Amino acid sequence: MNAARRAAPILATFLAALLLTLTTFRFIDLRNDMADFLPAAPTEAGRLMLQELRSGAPTSLLLVGLEGAAPADLARISRAMAARLAASGRFELVANGEAGFDSEAERFLFGNRYLLSPTVTEAAFSVTALRRDLEKLLDVLSSSAGILAQMYGFADPTGAFVSVVQRWTEGGSARSIDGVWFAPDANRALMLVRMKAAGLDLTAQDQADAAIRAAFTAASPGPARLLVSGPAIFARDAERSIRSDVRLLSIASTVLVAGLLLLRFRSPLVLAVIAVPVMLAVAVAAVAVQLIFGFVQGTAFGFGMTMLGVTVDYPVLLIGHRKRGEAASGTLHRIGPTFNLAVASASLGLVGMLRASLPGLVQVGVFAVVGVLAAAAATRWLLPPLIVAADLAPVSAGSAQRLLRLEHLRRWRVWGLVPVAAAALVLVLYPPRLERDLANLSPVPAEGRALDQELRRQLGAPEVGQIAVVRGASVEAVLRREETLLPVLDRLAAGKVIDGAELAARYMPSHATQRARQAALPDGTTLAERLGEAGDELPFRPEAFAPFRQDVEAARARQPLSPADIASPLLAARVQPLLFQRDGVWYGLIVPRGINDTAALGAAFAGVPDVTYVDIGRELNGMLADSTANAWTWLSWSAAATIVALVIGLRDMSRVARVIGALAASGVVTVAVLALTGARLSLIHIVTLQFAAGVGLDYALFFARTQVDEEERARTLRTLVTCNAMTLMTFGLLTFCETALLRTIGLPVAVGTFSALVFGFLFAGPRPEAERASPGG
Amino acid sequence: MLLHHPAPLLAAASAAEPPPAWFAQLMAQLAAIPERHETFREEKRLAALNRPLLSEGQLIYRRPSYLEKLTILPRKEILLVQDDQLTLTGPDGSPRELSLASRPEIGVLVDAVGGTLSGDVRRLQRSYTVHPSGTLQDWQLALVPIHPRVQEMLRQIVIRGSGPAIRSVLTEQANGDAQIMLIERSRSAEGPQTFAGTQADTHQPGVAGPARTPQAGPKP
């Protein structure tokens, strides 16, 4: 009864904070688009491309490979799978090389051959040219292939349809076995699938992937293996592995931390007390970011939460230093100044992040600063009455004897410099490398990326590499500009600079070009006369070419086609990603295949109006390099701000030096450990190191307190060990994650905070003799 | 006299009849022949042309699935089918290859000849309903395609022969065009049959009828 009454205010506050946090999240616009985290690309075209690659058509493309069985079996499986997938209705496109085009596509291309074919010129319809065509047709008719020639030969003696089909089928290095695409250099059947749903729709991705796997199983694959790749699969796998990691970790760390706190404070209420400032900090920080930026970026939120890990220590510091039965003012009197200084320097240290060049990191900075201040305020003003009411305090302050024995170690603390010197030596011998490739920061494992690249190369599917963007006020303007580039691209292909290029104008001529072709077509009477003349002495009956004459006549009168008129999903799926509208402007993409000479390719587009050449990889990595370089700048600002705060707060240069020394020692050791593991330092490391430094600063400041008796020092040591154990139990566990990104955070935090505890104890605390010689200071 | 019987299309419409007793015997005789060297003369009658197209050459078959059609006149051309791979080498000497699995409509045409030559009933029945008629000494197999897509192009193939010797292959297209290939053993003294003679006996309209517009483009 009594216990329940004591617990009531804490539980009520806990529930109120929980409610407030949950309510807040209903009003937060949480966005998961990485584009919001990264800075705007230097060029407009680059920015557009990044957006397109992240959310546009490329994200719905899946690459499928089949291997591990005889080619004939793989071809059979490929055919069975394609039929099943096409019937599922889940896919906009299922292509495995079979039979070229479906009847819809064939009808469209055949019906519009005189508008679409580049062979339509006045000369092609002259008597001489027609005579040649008719002689050739007669040859083919008398050959063994005659029965096939009859299908199109009379309706299309000039071969316009064949040339259109060639345009649509060229490209892709895949070879054909049993009519199914195979990799040119491996026994692997290939398939290209486009989901109807966007690549960012995780549920649809799961269903599409399940459909592919089901189709594979249904094709009785035997020993064959299925490979599936594509942005959607990456996103899904990354999400799945992060989710499973986080679930496992949060269960494990909650159990461990709860166990530790129960052991230390013998009250489950401590858990609720600790949760209150953290929840309030998250809520207030999220609201602040929302108000300032208009939305909260998902990754920034994740990093921000990491940074707020330091605030878990605040209530523990308060409760851990309380003597049982003590009034709130007593505890605050003892730890208040140090606590204030720790909060002030931690938040000033984070202010540097506001100067980061990555918009996402600025969000992290705002989130962390506001969160730290909110958590500190809650700890300072909200918690004390609750803690006193429930009389929460450590079970025991710890034995002063043991403390003194431990503090005795500080006599030999100069030896503590040995590991620091060793770490410095490591850094000299193996200087940590900076991460320069943004791809390595991706949550997709390296082998997944390698498979994706291989499948793309084999299929001739566009890759995220180099691209030229054509800009125009209308579809027509873009297509006309692209048409001027067609000869340029052909020259590049002839010169082996590239293997080829995908662009809308290759498939869909501009209205101007179509009108020119219409003008080149002879009228009905003229064509009949010329055919008669051309067919002189040949055995063709005049009526034989009636369909030809009718189709030419119809083509002359037809309204020119636009990309929107493509009445075949298979063909439309090819053109759509190459031509799209954003904010009232039309863009056309020129996607080169098989680039052998990047410089020559870039040079070919230089100076062409309305065309921008983008090297996406270079642009992204350039952004990364800029951001990393920039990080050192804001880290210096952080360090400077922290030192100023310490100098003002401590007013004792030797203590300032000891605190900074302890932090620096831990920093050097942590970076050395990272260098030894072969890690390349990335922005993630930098942010994580900063978090570890913030935690370490707390430790050092509390160890550096003066005018405290042995009992209080023992309490401090126990409390800080508790804090560090909590950190290791949460962040340290990340080291065992499957997700590389989370592992990247885990190791530096574990090493950084633990070494900060050791060095803080050794260096920041006063030497026992020195303290006896001159108490106070 | 190529066709003694009413058009097999009528037979196809009636209920499936059991094959005559000699049919299995014929298939076994055909299957027993490991290799053939024969000459052929081919005549194509197209509605679009006012005279037939003639060609001649040699046929080579090896059990179970090697088939070579070597056209000598009017132009040299080699059509080679080996297992699933078809290669057509024109007068310019450049071979065009394609896999039969990828082009079912061509695969069906090859099945008719290949299936008959190897006495492989199952291969024939994969693509056609088979209507045998006549006697073992003067037999006729009318092959009517099963698949609607093939039916759009091909009405039927009628193969005639005497015992294990194949005499002629008549291919009738859906649009009424037809071609007949007359086959003789190499260096045979037997007098050649003529296309015109056989033509008069067919009950199929179209070939000899008024010129018709050839098929234009893909079906809607």
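The values are calculated or read from the model by the stated rules, or taken from the named source; none is laboratory data. All values derive from a computational prediction rather than experimental measurement. Here the Cβ is made from the backbone with ideal geometry for all residues, glycine too, and neighbour counts use every protein chain on show.
Would you tally the residues in the stretch A:599-632 being part of a helix (DSSP H, G or I) and modelled with pLDDT of 80 or more?
7
Within the stretch B:95-128, how many residues turn out to be acidic (Asp, Glu) and closer than 24 Å to B:PRO34 by Cα? Before the answer, list the steps.
Let us first name the residues in the stretch B:95-128 that are acidic (Asp, Glu), namely B:97, B:105, B:111, B:120.
So of that shortlist, the ones also closer than 24 Å to B:PRO34 by Cα come out as B:111, B:120.
Selection size over the stretch B:95-128: 2.
Quick one: B:ASP84 ticks every box in (1) touching a residue at least 40 places away in the same chain (Cβ under 8 Å); (2) farther than 16 Å from A:LEU137 by Cβ; (3) within 11 Å of another protein chain (Cβ to nearest Cβ) bar one, so which box is it?
Every condition holds for B:ASP84 apart from (1).
For the stretch B:90-111, which positions are at pLDDT 85 or above and farther than 15 Å from A:LEU148 by Cα?
B:ASP111
Look at A:ALA189 and say whether it is modelled with pLDDT of 75 or more, crowded, with 18+ Cβ neighbours inside 10 Å, within 14 Å of chain B (Cβ to nearest Cβ) and touching a Pro at 6+ places or on another chain (Cβ under 6 Å).
no
Filter the stretch A:82-136 down to residues that are of a type in the set (Lys, Arg) and under 30 Å from A:VAL228 (Cβ atoms), then give me how many there are.
Of the residues in the stretch A:82-136, 2 are of a type in the set (Lys, Arg) and under 30 Å from A:VAL228 (Cβ atoms).
Given (1) over 17 Å from A:PHE110 (Cα atoms); (2) part of a helix (DSSP H, G or I), identify the lone condition not met by A:PRO547.
(1)
Any chance you could count how many residues in the stretch A:550-581 are in a loop (DSSP other than H, G, I, E, B) and more than 14 Å from chain B (Cβ to nearest Cβ)?
Number satisfying all stated conditions: 6.
The rows are residues; the columns are (1) among the aromatic types (Phe, Trp, Tyr); (2) closer than 30 Å to A:ARG680 by Cβ; (3) surrounded by fewer than 17 Cβ atoms within 10 Å (Cβ to Cβ).
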{"site": "A:SER568", "(1), (2), (3)": "no, no, no"}
{"site": "A:ALA572", "(1), (2), (3)": "no, no, no"}
{"site": "A:LEU579", "(1), (2), (3)": "no, no, no"}
{"site": "A:ARG593", "(1), (2), (3)": "no, no, no"}
{"site": "A:LEU601", "(1), (2), (3)": "no, yes, no"}
{"site": "A:VAL608", "(1), (2), (3)": "no, no, yes"}
{"site": "A:THR612", "(1), (2), (3)": "no, no, no"}
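Examine the stretch A:488-510 for a residue that is closer than 22 Å to A:LEU579 by Cα, surrounded by fewer than 18 Cβ atoms within 10 Å (Cβ to Cβ) and either polar (S, T, N, Q) or in contact with a helix residue (DSSP H, G or I) (Cβ under 8 Å, 6 or more places away or on another chain) (or both), and state whether such a residue exists.
Yes, some residue in the stretch A:488-510 is closer than 22 Å to A:LEU579 by Cα, surrounded by fewer than 18 Cβ atoms within 10 Å (Cβ to Cβ) and either polar (S, T, N, Q) or in contact with a helix residue (DSSP H, G or I) (Cβ under 8 Å, 6 or more places away or on another chain) (or both).
I'm trying to understand the selection: among the residues of the stretch A:283-305, which are under 10 Å from A:VAL370 (Cβ atoms), of a type in the set (Val, Ile, Thr) and out of contact with any Phe, Trp or Tyr (no Cβ under 6 Å at 6 or more places or on another chain)?
Once the filter is applied, which keeps residues that are under 10 Å from A:VAL370 (Cβ atoms), of a type in the set (Val, Ile, Thr) and out of contact with any Phe, Trp or Tyr (no Cβ under 6 Å at 6 or more places or on another chain), the stretch A:283-305 yields A:VAL284, A:VAL287, A:ILE292.
Pick out, from the stretch A:291-369, the helices (runs of 4 or more DSSP H) lying fully within it that include 3 or more residues that are of a type outside the set (A, V, I, L, M), surrounded by fewer than 20 Cβ atoms within 10 Å (Cβ to Cβ) and at pLDDT 80 or above.
The helices (runs of 4 or more DSSP H) meeting that bar are A:328-351.
Tell me which residues, restricted to the stretch B:30-81, are free of Cβ contacts under 8 Å to residues at least 60 places away in the same chain, more than 7 Å from chain A (Cβ to nearest Cβ) and among the acidic types (Asp, Glu).
B:GLU35, B:GLU56, B:GLU68
Please verify whether A:PHE110 is at pLDDT 80 or above and either within 30 Å of A:ASP73 (Cα to Cα) or touching a Pro at 6+ places or on another chain (Cβ under 6 Å) (or both), treating the condition exactly as stated. Before you say what the answer is, go through the steps one by one.
On the way: at pLDDT 80 or above: yes; either within 30 Å of A:ASP73 (Cα to Cα) or touching a Pro at 6+ places or on another chain (Cβ under 6 Å) (or both): yes.
When the stated conditions are applied, A:PHE110 passes them.
Consider the stretch B:53-79. How many of its residues are in contact with a helix residue (DSSP H, G or I) (Cβ under 7 Å, 6 or more places away or on another chain) and either crowded, with 16+ Cβ neighbours inside 10 Å or of a type in the set (Gly, Ala, Ser) (or both)?
5
Write out, first by first residue and then by second, each pair whose Cβ atoms fall under 6 Å of each other, whose residues are 6+ apart or on separate chains, and whose first residue, in the stretch A:689-714, is farther than 16 Å from A:GLY649 by Cβ while the second is not in a helix (DSSP H, G or I).
Cβ pairs passing all conditions: A:GLU711/A:ALA397; A:ALA714/A:ALA397; A:ALA714/A:GLY398.
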